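The values are calculated or read from the model by the stated rules, or taken from the named source; none is laboratory data. No experiment lies behind these values; they were computed from the predicted model shown. Neighbour counts are summed over all protein chains in view; Cβ atoms, including those assigned to glycine, are modelled from backbone coordinates with ideal geometry. For accessibility, only protein heavy atoms count, side chains too; no ligands or nucleic acids. Shrake-Rupley method; radii C 1.70, N 1.55, O 1.52, S 1.80 Å.
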Amino acid sequence: DWAGRPAGTPVQDEGFICMGGKAPICPTAPTTVALGEWASDSSARPAGTPVQDEGFICMGGMAPVCPPQARPTTGPITLEALQGEWVGSGGATIAVLGTDVAMNGMPLTQHKVTLRDDGTVSSIGTLWQCDCWAESGGGIEFRCSSTRENMECAKVEVWSRKSKSNDAWSERMKLLGYGGSSATPLSRGIEGCMPGTMGIEMPPGYATSKDREEVALLTSLVQQWREPESLKVRSYQVVPDFTNRAQTGLGVELVHFVATSMMTKGFKKHDGAQGHDIPVLVREPPSSAFHGEALKVWKQRVSEEEGFPPVRAPESEEIFTSLGNGHFFQALNLFDCQCTSINDANRKYIAGKDQALNEALTQGVTSVVLQHECPRLVRAKIAALLNTKREFFWTLSEDGKVDVSNMQENKEYCSQFEWLSKGMDAVQVDCLVRTHLGIKGSKRIMG
């Protein structure tokens, strides 16, 4: 029995009145003919309303609203128990409808609810592993792990039921950036995330101001140390710069992922916001102090990690070290050496009839080249900014000149995989690629 219902309303078997709308007005003449006419008038009464013996609903007022069904807080965590809106530990709004999951209004198309054979919830894709009911009551504990085997030591994420009215929570979400352009996350942003939401309470306009400052710094450093003209550089001349990706070098899994994309989707030349980024390289003559160091470090890495293309840069000639697009150049080297895929022994990287790819291999790729006197700390800063500011790009004119004085922002969709791959070190990015491709049998898996 719940408060707010008219006296005499049956508790069961009268679901048709529990809609919160207007109850029908009974006819004034209590005759069988009048009742028949009233019953046949579809505009006078909701479908399914009994004609006789239900006088309690014929009051013309609002029909009572059924009480919400009790949500389970103990026992097995089933798909039914997961339905509805939740709030995660970090403040994100999560909605579950069937097996579909949305975060802050953004559908997680690659991370649906997965179930065990007994119907209980196993995970939310490869983002969260379902653990147990939270001690607070009504919440559910998840583990931030891609597999159940590694979930025990993973971070705990608690989902709590979202209340219908919570002004404090709404205000906090605005402070975290979930407002403005983020109100329509499907129009722009990264899969699973929303622009301007880093979980840090910053004043309005902070992200825009920070982007402006960092882009200006990147442009200034490149203009200060670049050579006057851009240059077409062939891939065999390029080795990674020691300062890139926290001095960890490249991830072999990502190199092969890029090469596979070139083979299956075709080589995409730089064209505005489309195609590959414009590489930033440092020219290293044999007399440069960094020339020998870069070759030594890269040769050692290639000897220790199976799957990289062989080092062909001559010790007696100038080389170029990559601050940006390092994986891109080594992927080209896989084609130039016709190497075999590390994850598919039947796949060999051959350029074939791809005209753009053959041109890149034989003629080189137009690049911004920095002078070898560029200090190590400046190189590290440029490399970091090239990764964190991936959505900004330079323009390449028809005569092959690169305009670095003005960077434009690419506001098109970016996958979560692409975004994450830009900021990880070599070990992390290899793990990311294996997770993305579902590779579980690699000998590079540690632990």
Q | Spacing of the two label points (7 Å from each Cα toward its C-beta) at Leu79 and Thr93, in nm | A | 2.5 nm
(Q) At 1.4 Å probe size, with the rest of the protein present, what percent of the exposed accessible area of the range 295-367 is carbon and sulfur atoms? (A) 42 percent
Q) R0 = 30 Å: FRET efficiency of Asp277 with Glu305, Cβ-based, nearest 0.05? A) 0.80
Q. Once amide H atoms are placed 1.01 Å from N in the peptide plane, what residues at a sequence separation of 5 or more from Gly139, or on another chain, have their amide H within under 5 Å of its amide H?
A. Ala134
(Q) Under the rule of at least 5 residues apart or a separate chain, name every residue whose amide H is placed under 5 Å from the amide H of Val233. (A) Val365, Thr366, Ser367
Q | Two-site FRET efficiency, Leu115 against Arg376, from Cβ-Cβ distance with R₀ of 35 Å, rounded to 0.05 | A | 0.10
Q: Express in Å², to the nearest 10, the accessible area of Cys431 obtained by rolling a 1.4 Å probe over the protein heavy atoms while all chains stay in place.
A: 50 Å²
Q) What is the packing order of peptides 150-158, 91-99, taking the mean over residues of other C-beta atoms within 10 Å and listing the highest first? A) 91-99, 150-158
Q. Length gain on complete extension for the stretch Glu229 to Arg212, per 0.36 nm per residue less the alpha carbon to alpha carbon distance?
A. 3.6 nm
Q | the range 293-340 - accessible surface per residue (Å², probe 1.4 Å) | A | 41 Å²
Q: Grab the beta carbon distance between Val297 and Leu420, set R0 = 35 Å, and tell me the FRET efficiency rounded to 0.05.
A: 0.90
Q.
Report the number of Lys pairs in the range 258-388 whose alpha-carbons are under 23 Å apart, with separation of 8 or more residues or on distinct chains.
A. 8
